[in-house]
Every structure is written in structure tokens, then in C-alpha cells.
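Structure first, then comments.
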Amino acid sequence: NINEKLKINLILEWQRRWSLSATCLIFAFLGVSLGAVTNKRTARSGSLVICISAIVVYWALYVGFESLARAGHLPPSIAAWVANFAFLAFAGYQFRNVVES
């Protein structure tokens, strides 16, 4: 149904705008937690690899869940936020490890 697809696209676009805005804060939190644990000898190349890997994994999750929402398998309001929640959980885990060590 065209109206249903339009509704899904509009909801997904609305949620996408908010979730991509929150992504900046989540990546900053992740960067602080990962940056505190790097070894000084491998800091330059290791940090670059970690950064690019994190972006690729985030984008793969984001695009995958967006496709599920467009196909109607997942509510758009959830699909737009799944990658953010996954990375926020990972950043929280890393931050807890930094604080404990």
C-alpha cells in the first residue's frame, strides 16, 4: 500500500533526524572511553583502525535496520535507534572498564 509506505518513510525520516543527532554524542562518549585505553606505541595506527571500524560497523547496523523498517519487518521508530543503543551500550561497557582499571 502506497500510503503505508509513505507513512513508514515519514516516521523513519523523523526518527532518523533525531537519532543521527544523538550519534554525535554517542561517538564522543565512545571516543573518550576508547581513547583512555590506547597504548602509546600503537596509538596512531591503532586509533585510526578503531575509528574507521566503529564507523563502518555503525553504518552497517544503521542501514540494515533501516532496510528492515522500510520492508515493514520492524517499526521505524525502533529501527532508527537500534544502532545508537548498541553503540551506547558498548561505550558504557568500555567506560566502566576504564573507570575500574
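One table, with the values for the structure above:
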{"item": "Residue-averaged [θ]222 nm for the chain, counting only DSSP H segments that reach four residues, each worth -39500 (n - 2.57)", "result": "-29000 deg cm²/dmol"}
{"item": "Kyte-Doolittle mean at least 1.0, axial Cα span of 18 Å or more - DSSP H helices of the chain", "result": "43-70"}
{"item": "Answer label for Rg/Rh (Cα atoms, Kirkwood Rh) (calculated), chosen among (1) 0.95; (2) 0.98; (3) 1.10", "result": "(3)"}
{"item": "Relative packing of peptides 3-9, 88-94 - highest average C-beta neighbours within 10 Å first", "result": "88-94, 3-9"}
{"item": "Net dipole in debye of the chain [+1 Lys, Arg Cβ; -1 Asp, Glu Cβ; about Cα centre; nearest 20]", "result": "240"}
{"item": "Where the chain is the region considered: accessible area per residue in Å², 1.4 Å probe", "result": "69"}
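The values are calculated or read from the model by the stated rules, or taken from the named source; none is laboratory data. Not measured: the values here are computed from a predicted model. Cβ sites come from the backbone with ideal geometry, for glycine too, and all protein chains shown count toward neighbours. Accessible surface is based on the protein model in full, side chains and every heavy atom, while ligands, DNA and RNA are left aside. Shrake-Rupley method; radii C 1.70, N 1.55, O 1.52, S 1.80 Å.
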